[in-house]
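Here's the structure, in structure tokens; my notes come after.
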Amino acid sequence: MLSHVTTPQDLDERFREAVGGLVASDTRRWPDGPVRDGTALTGEAALQLFDAQLTSRHLDLAARWLRSFGEGFYTIGSSGHEGNAALAAAVRPTDPALLHYRSGAFYCARTAQAATTGPSEENAETPLTGAARDVLRGVVASALEPIAGGRHKVFGSAELAVIPTTSTIASHLPRAVGVGFAIERLRRPRGGAATPGAAGQPSPPWPADAIVVCSFGDASINHASALAAFNTAGWCDHSGLRIPVLFVCEDNGLGISVRSPEGWVAGALRAKPGIRYFAADGCDAAQTYDAATEAAAWVRRHRRPAVLHLSTVRLMGHAGADAELGYRTATEIARDVARDPLVATARLIADAGLASGDELLVRYDEVGWQVRQIAEEVLGEPKLEAATDVVAPIAPRRPVRVSRAVAEAGSRAAGPLAVARTAAFNGKPPERNGALTLAQTINATLGDALLSHPTMAVFGEDVAGKGGVYGVTKGLRERFGASRVFDTLLDETSLLGLGLGAGLAGMLPVPEIQYLAYLHNAEDQLRGEAATMQFFSRGAYRNPMVVRIAGLAYQEGFGGHFHNDNSVAVLRDVPGLVVAVPARADDAAPLLRSCLASAAVDGSVCVFLEPIALYHTRDLYAEGDNEWLAPYVGPEEWASQHVPVGRARVYATGSADDVTIITFGNGVRMSLRAAARLAAEGIGARVVDLRWLAPLPVPDIVRESAVTGRVLVVDETRRSGGVGEGVLAALVDAGFVGAARRVASVDSFIPLGAAARQVLVAEDAITQGARALLAR
């Protein structure tokens, strides 16, 4: 009945009814010839696609069956979208693919396409049954699932060049553009960039002529992340930069229950500047194959972006719990069922005389039996049972290897690269320039890192020609070339997407976010994409990256909220994200080197938060004392000066046994000044510079707090959600029994001018807080 066609049972019955009535044509086409006139799809290929489509359909049915008794945890299916199997056949198995969650048939087809061996006496599993096992393990959250290990149901495989994506709408599109950008950048090194694979550097994971395949639903084209990706691809194309990305919009006309207006998707995609438009009926395997072949060939030949618009249908609702009759009529549903791509492929095969309807139904049942058997087998597989197992891939830490990497970089810089290093610094290495500011030290460290890491790239808004708003990257483009230090368009989502893709491709990206406040409209690229990659792939994929962000408050004579943002809660909340805050020059270099080494060694995603107000600060206690400056450490001392991730720095003032002041960033300078005033009153203070906001240096916090038994937390971020909350929680968790107080900024956006002082932590508040602790 029309009112029930969205159930698995009725969809199965409709398929049997439609296919059972097919009669094989008396004129049989050759299997290695066109399956119909005017197409490049052969009969043999059509049969192979049909098998992939059948497997995908039965995976959907099996997922609904598993859910019916509480053992299936993911029922967003691919039914109606099985035409994407033809897309897989039209591209190469070595083309990286970032897939829509309705890409079951693509995944099955690629598995078969990439297979080098078939079943054997020892292993009766075929590529398609292997793909089915992969997917069903994800559905039941089996710990043996090969890509995410039971953490999420995703389509992903390093061997198949399928990059796992989350369910966040369109969030993978900026990354896809980044992958395309990196493929081109690595295949055509310019301006001093290293040759891929040279000097011990890893070669790119994909062929030099690879293209990126990125699929998504029609509703996704309205999302800001998708618009950012389309705009960036078009902007790059207009600027002469090559981005070989094939976007694929699988258009079923619905975003859960919201309809895409008639003609909107086609009109919007056609209008994207710099992106070539192709279209096909996604329910017609031959037409899809031909259009996808043409589009992929165009992108591969021209190294330019294109979009393939496939008209599809959605069968069985959005997911298992979706009662689509609440927002669709029975007639609309029946119209979609009549376009079932499996029936269309069966008809194509029968019309070619390659099989009868009865023979195709036998195949349908055989595949169904195989998939159901696999579903029953995976039910008994182990699940993740301990928190340590769940979090293991999030952020692996190998501090010894990171330390070794820093030491080896120093040895190279002092040895084989010594001549090149002197030339890169125009004959005068930074350690010969006397005491430097924070900004100058970061600049020098970036220069050394560009020399040490041949695949490293520094990019962002105004970082190249201008050298950064605060001059931090000044001169780097001139010394290392425009392919390694370059300006991007003004869009933080795309900027981070470029970094994500570059990291996957084997580069070491160092993007700059111009101001901390500018991160917030793009933070899902860190939270939903960057930080989850190793989690969803068990380390098979990594996106190492060090994001430099100019931030925090206390700028004099310039600012307001967007240039004095003191909110870092969103960064500290992301599992696995490393957040470093250098307060002064002699910490900036080792912290940045640790972040770069951690990214290179462990695939870490690091945020290097640079206090704007301290960039050019020279003095500590009195005007002209230059005590906030520090000489740059030469490469011979990098190993001895190494700062491991999560290690604090401690300053002792006076007796240093009366009060422990725990702080970071701008708070370090204020606390040291306050400690000097307290010392004059006979109060000895220990000032602990956290240096790392994630992970917090908990052992150092606990140890230094225990020394005095009195703790003052000086937190320049907001009182609610600020860093101080984490510090105090760490002390409580450790059983600290001493006295503790906190001074923090007010829960407010930062106003313009002198009014900012009313909401930010001041030195007087620090001294008053310390005295109050001692008065208890």
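The values are calculated or read from the model by the stated rules, or taken from the named source; none is laboratory data. Every value quoted in this text rests on a predicted model; they were computed, and no experiment measured them. All Cβ positions, even for glycine, are placed from backbone atoms using ideal geometry, and neighbour counts span all protein chains on display. Just so you know, the surface numbers come from the protein's heavy atoms only, side chains and all, with ligands and any DNA or RNA stripped out. Shrake-Rupley method; radii C 1.70, N 1.55, O 1.52, S 1.80 Å.
How about the range 332-342: which of its residues are assigned to a loop (DSSP other than H, G, I, E, B) and surrounded by 22 or more Cβ atoms within 10 Å (Cβ to Cβ)?
The one that is assigned to a loop (DSSP other than H, G, I, E, B) and surrounded by 22 or more Cβ atoms within 10 Å (Cβ to Cβ): D340.
Residues are listed down the side, and each one gets a yes or a no for (1) more than 23 Å from E125 (Cα to Cα); (2) among the small types (G, A, S); (3) in contact with a Leu (Cβ under 7 Å, 6 or more places away or on another chain):
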position: D336; (1), (2), (3): yes, no, yes
position: L348; (1), (2), (3): yes, no, no
position: E366; (1), (2), (3): no, no, no
position: R372; (1), (2), (3): no, no, no
position: E381; (1), (2), (3): no, no, yes
position: D389; (1), (2), (3): yes, no, no
- Hey, could you check the range 418-457 for residues that are in contact with a helix residue (DSSP H, G or I) (Cβ under 6 Å, 6 or more places away or on another chain) and open to solvent by 20 Å² or more (accessible area, probe 1.4 Å) and say which is nearest to F181 (Cα to Cα)? P454
- Task: Counting only residues that are surrounded by fewer than 24 Cβ atoms within 10 Å (Cβ to Cβ) and free of Cβ contacts under 8 Å to residues at least 40 places away in the same chain, give me the helices (runs of 4 or more DSSP H) lying completely in the range 487-603 with at least 3 of them.
- Result: none
- Query: Under the condition of being without any contact (Cβ under 8 Å) to a residue 12 or more places away in the chain and not acidic (D, E), which residue from the range 359-391 is farthest from V139 (Cα to Cα)?
  - Reply: V362
- In the range 463-481, is there at least one residue being under 19 Å from the mean Cα position of the chain (by Cα), of a type in the set (A, V, I, L, M, F, W, C) and open to solvent by less than 20 Å² (accessible area, probe 1.4 Å)? no
- Note on the structure: Heads up, the strands (runs of 3 or more DSSP E) in the range 622-710 (entirely inside) with at least 3 residues that are within 25 Å of L760 (Cβ to Cβ), open to solvent by 60 Å² or more (accessible area, probe 1.4 Å) and among the aliphatic types (A, V, I, L, M) are none
- Task: State which residue pairs qualify: first residue at negative phi and inside the range 463-484, second residue open to solvent by less than 30 Å² (accessible area, probe 1.4 Å) and among the aromatic types (F, W, Y) in any location, beta carbons under 9 Å apart, and separation of 6 or more residues or different chains.
- Result: V463/F486; A464/F486; V469/Y515; Y470/Y615; V472/Y615; R477/F486; R479/F425; R484/F459
- Message: Would you confirm whether or not the range 291-301 contains a residue that is among the basic types (K, R), in contact (Cβ under 8 Å) with a residue 60 or more places away in the chain and farther than 22 Å from H81 by Cβ?
- Response: yes
- Query: Got a number for residues in the range 393-417 being open to solvent by 40 Å² or more (accessible area, probe 1.4 Å) and either touching a Lys or Arg at 6+ places or on another chain (Cβ under 8 Å) or charged (D, E, K, R) (or both)?
  - Reply: 6
- Report yes if S171 is at pLDDT below 95 and either of a type outside the set (G, A, S) or open to solvent by 50 Å² or more (accessible area, probe 1.4 Å) (or both), otherwise no. no
- Query: Of the residues that make up the range 439-452, is at least one modelled with pLDDT of 95 or more, part of a loop (DSSP other than H, G, I, E, B) and at negative phi?
  - Reply: no
- For Y277, state whether it is outside any helix (DSSP H, G or I) and among the hydroxyl-bearing types (S, T, Y). yes
- Query: Any idea which of V154, V140 is hydrophobic (A, V, I, L, M, F, W, C), open to solvent by less than 40 Å² (accessible area, probe 1.4 Å), touching a helix residue (DSSP H, G or I) at 6+ places or on another chain (Cβ under 8 Å) and at pLDDT 95 or above?
  - Reply: V140
- Query: Taking into account only those residues within the range 242-272 that are free of Cβ contacts under 8 Å to residues at least 60 places away in the same chain and among the basic types (K, R), which is most open to solvent (accessible area, probe 1.4 Å)?
  - Reply: R270
- The condition of being of a type in the set (G, A, S) and in contact with a Lys or Arg (Cβ under 7 Å, 6 or more places away or on another chain) holds, among A694, A685, only for A694
- Task: Tell me which residues, restricted to the range 377-390, are acidic (D, E) and touching a helix residue (DSSP H, G or I) at 6+ places or on another chain (Cβ under 9 Å).
- Result: E377, E381
- Item | Test: residue in the range 29-43 that is part of a helix (DSSP H, G or I) and either of a type outside the set (A, V, I, L, M) or open to solvent by 30 Å² or more (accessible area, probe 1.4 Å) (or both) | yes
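Quick one: would you say A482 is among the small types (G, A, S), in a loop (DSSP other than H, G, I, E, B), at pLDDT 95 or above and over 20 Å from L571 (Cβ atoms)?
Taking the combined requirement at face value, the residue does not satisfy it.
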- Identify, by number, the condition in (1) open to solvent by 30 Å² or more (accessible area, probe 1.4 Å); (2) touching a strand residue (DSSP E or B) at 6+ places or on another chain (Cβ under 7 Å); (3) under 23 Å from F106 (Cβ atoms) that A295 doesn't meet. (1)
- Task: Please find, within the range 273-290, the residue that is surrounded by the fewest Cβ atoms within 10 Å (Cβ to Cβ) out of those that are hydrophobic (A, V, I, L, M, F, W, C) and out of contact with any Gly (no Cβ under 9 Å at 6 or more places or on another chain).
- Result: A279
- Select from the range 604-621 the residues that are closer than 19 Å to V581 by Cβ, open to solvent by less than 40 Å² (accessible area, probe 1.4 Å) and either part of a loop (DSSP other than H, G, I, E, B) or not hydrophobic (A, V, I, L, M, F, W, C) (or both) and list them in ascending order. S604, E610, P611, Y615, T617, L620
